[in-house]
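Okay, structure first, notes after.
The values are calculated or read from the model by the stated rules, or taken from the named source; none is laboratory data. Every value quoted in this text rests on a predicted model; they were computed, and no experiment measured them. Note that each Cβ is placed from the backbone with ideal geometry, even for glycine, and that neighbours are counted across all protein chains shown. Just so you know, the surface numbers come from the protein's heavy atoms only, side chains and all, with ligands and any DNA or RNA stripped out. Shrake-Rupley method; radii C 1.70, N 1.55, O 1.52, S 1.80 Å.
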Amino acid sequence: MKDKLIIFDTTLRDGEQSPGASMTRDEKVRIARALERMKVDVIEAGFPAASQGDFEAVQAVADAIKDSTVCGLARALDKDIDRAGDALKGANSSRIHTFIATSPIHMQKKLNMQPDQVIEYAVRAVKRARQYTDNVEFSPEDAGRSEEDFLCRILEAVIDAGATTLNIPDTVGYSMPQQFGATIANLIKRIPNSDKAIFSVHCHNDLGLAVANSLSAVMNGARQVECTINGLGERAGNASLEEVVMAVRTRQDFFTCDTGLDAREIVTCSKLVSSITGFPVQPNKAIVGANAFAHESGIHQDGVLKNRETYEIMRAEDVGWTTNRMVLGKHSGRNAFKTRMAELGVDFAGEADLNDAFFRFKQLADKKHDIFDEDLQALISEQGFEA
Ligand code: KIV
Ligand code: ZN
């Protein structure tokens, strides 16, 4: 029996911190419902102390969601924790996520605090959060640039104070996969009470390594991944949920855990987040990009028509697309052309007719970027066939 890998979605919190991606209360509820349908374990709905609007949004998500745990973010300050606790009152299952920075640069330049003082704040925050819920997550912000010895000290202390999830954020996306994985393994090994909490990771994508770092952490004992739909998030974004989930599922040979997600909801969720935020999904984005399951070259199309597994490592249908797609263009081959024509109802009388039509299709494809079904139909009627 494999371990459960918990999926913590922070599209509504860190995703919303993407410049220009802010969402209304009702939009957050719509996205939260889509995440719940996908069986996301934890939905971080917002940062209740940030504004009255975000408080109300977290409250509305907490009231609407029944199956997923709803989480609110709070700095390690009494007033933030009380706001989060109040906003989450209506939830079936709630979590408070509190954080404080632990890297030398953040402690000295941002917080102006001594390390011992940071530990005091963290412990106090976790204890206060426990007054609202027994599900408390603690994050040492900028853990990717924090000293391992200090991380061990603060994490041991917050577990004793009642934290049930320890989230290790690579806040500025600075880590390398092997190094980040080793940090997770070391923390689990070195912290004496580490078996009392679940280790989580939260990776940013500044060097394009958020998913790789998350997967490396999972291979080294992390059992929660924090991620967002379409990889939305601060600066270059967070680890993308769809990539993490499908990498773990597709390469089960590398993992001793799996998520409980219904991946068939991924594309719907991706489209919803894109339309609400106005952030388009790049066509070549893994899993959810329009071209993720599209084939244009003749060699690939011929292979896929013979057996999909020649060029597909996942089924488009398993992540919510209706099907894979053959795109007809100048690289396409005769087999794909003939197949599409048959789908349009054209049955060539013989090889000579097919060759003639294929030749004229190639001439057109050299001139035209996108070949639509209407173009194919026009080509056929010029030749005297009717679809
Ligand atoms: O990136 C980060 O460090 C965060 C924390 C609040 C977990 O978003
Ligand atoms: Zn973050």
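If you go through segment 151-166 and keep only what is open to solvent by 20 Å² or more (accessible area, probe 1.4 Å) and over 28 Å from the mean Cα position of the chain (by Cα), you end up with Arg153, Glu156, Ala157, Asp160. Only one of Pro169, Pro140 is within 16 Å of ligand 1 (Cβ to nearest atom) and either within 20 Å of the chain's Cα centre (by Cα) or surrounded by fewer than 22 Cβ atoms within 10 Å (Cβ to Cβ) (or both). Can you tell me which? Criteria check complete, one pass: Pro169.
Residue-by-condition table, conditions (1) closer than 25 Å to Ala125 by Cβ; (2) more than 16 Å from ligand 1 (Cβ to nearest atom):
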residue	(1), (2)
Asp9	yes, no
Gly20	no, yes
Thr24	no, yes
Ile31	no, yes
Met38	no, yes
Asp41	yes, yes
Ala50	yes, no
Arg75	yes, no
Lys79	yes, yes
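Out of segment 230-248, which residues are touching a residue at least 40 places away in the same chain (Cβ under 8 Å) and more than 16 Å from Cys269 (Cβ to Cβ)? Those that are touching a residue at least 40 places away in the same chain (Cβ under 8 Å) and more than 16 Å from Cys269 (Cβ to Cβ): Glu234, Arg235, Ala236, Val248.
Mind checking which residues of segment 208-227 are in a helix (DSSP H, G or I) and within 15 Å of ligand 2 (Cβ to nearest atom)? Within segment 208-227, Ala210, Val211, Asn213, Ser214, Ala217 qualify. Pull up segment 56-82, narrow it to residues that are in a helix (DSSP H, G or I) and open to solvent by less than 20 Å² (accessible area, probe 1.4 Å), then point me to the one that is farthest from ligand 2 (Cβ to nearest atom). Checking each candidate, the answer is Ala62. When segment 149-177 is filtered for residues that are part of a loop (DSSP other than H, G, I, E, B) and away from ligand 2 (no atom under 16 Å from the Cβ), the ones remaining, listed by number, are Gly162, Ala163, Thr164, Met176. When Val248 is tested against the conditions (1) in a helix (DSSP H, G or I); (2) over 24 Å from Glu137 (Cα atoms), the lone failure is (2). Restricted to segment 1-18, and to residues there that are part of a strand (DSSP E or B) and in contact with a helix residue (DSSP H, G or I) (Cβ under 8 Å, 6 or more places away or on another chain), the residue that is surrounded by the fewest Cβ atoms within 10 Å (Cβ to Cβ) is Ile7. The C-beta contact set for segment 85-105 (first residue aromatic (Phe, Trp, Tyr), second residue within 16 Å of ligand 2 (Cβ to nearest atom) and open to solvent by 10 Å² or more (accessible area, probe 1.4 Å), distance under 6 angstrom, 6+ apart or interchain) comprises Phe99/Glu141.
Take the residues in segment 209-229 that are free of Cβ contacts under 8 Å to residues at least 60 places away in the same chain and either more than 16 Å from ligand 1 (Cβ to nearest atom) or hydroxyl-bearing (Ser, Thr, Tyr) (or both); name whichever of them is most open to solvent (accessible area, probe 1.4 Å). The selected residue is Met219.
Selection of segment 232-277 for residues being within 22 Å of Ala45 (Cβ to Cβ), within 16 Å of ligand 2 (Cβ to nearest atom) and open to solvent by 10 Å² or more (accessible area, probe 1.4 Å) yields Leu232, Glu234, Arg235. Considering segment 83-126, the residues that are part of a helix (DSSP H, G or I) and within 16 Å of ligand 2 (Cβ to nearest atom) include one that is farthest from Glu137 (Cα to Cα), namely Lys110.
Selection of segment 19-53 for residues being in a loop (DSSP other than H, G, I, E, B), touching a Lys or Arg at 6+ places or on another chain (Cβ under 8 Å) and either open to solvent by 40 Å² or more (accessible area, probe 1.4 Å) or within 16 Å of ligand 2 (Cβ to nearest atom) (or both) yields only Phe47.
When the residues of segment 178-207 are narrowed to those that are outside any helix (DSSP H, G or I) and within 16 Å of ligand 2 (Cβ to nearest atom), which ends up most open to solvent (accessible area, probe 1.4 Å)? Write out each step before concluding.
Pass one, segment 178-207, residues outside any helix (DSSP H, G or I): 191-193, 197-207.
Then keep just the ones that are within 16 Å of ligand 2 (Cβ to nearest atom); that gives 200-207.
Values: Ser200: 0, Val201: 0, His202: 9, Cys203: 0, His204: 8, Asn205: 46, Asp206: 62, Leu207: 104 Å².
Filtering segment 178-207 for residues that are outside any helix (DSSP H, G or I) and within 16 Å of ligand 2 (Cβ to nearest atom), the one most open to solvent (accessible area, probe 1.4 Å) comes out as Leu207.
Looking only at segment 86-122, residues that are open to solvent by less than 10 Å² (accessible area, probe 1.4 Å) and over 26 Å from the mean Cα position of the chain (by Cα) come to 2 in all.
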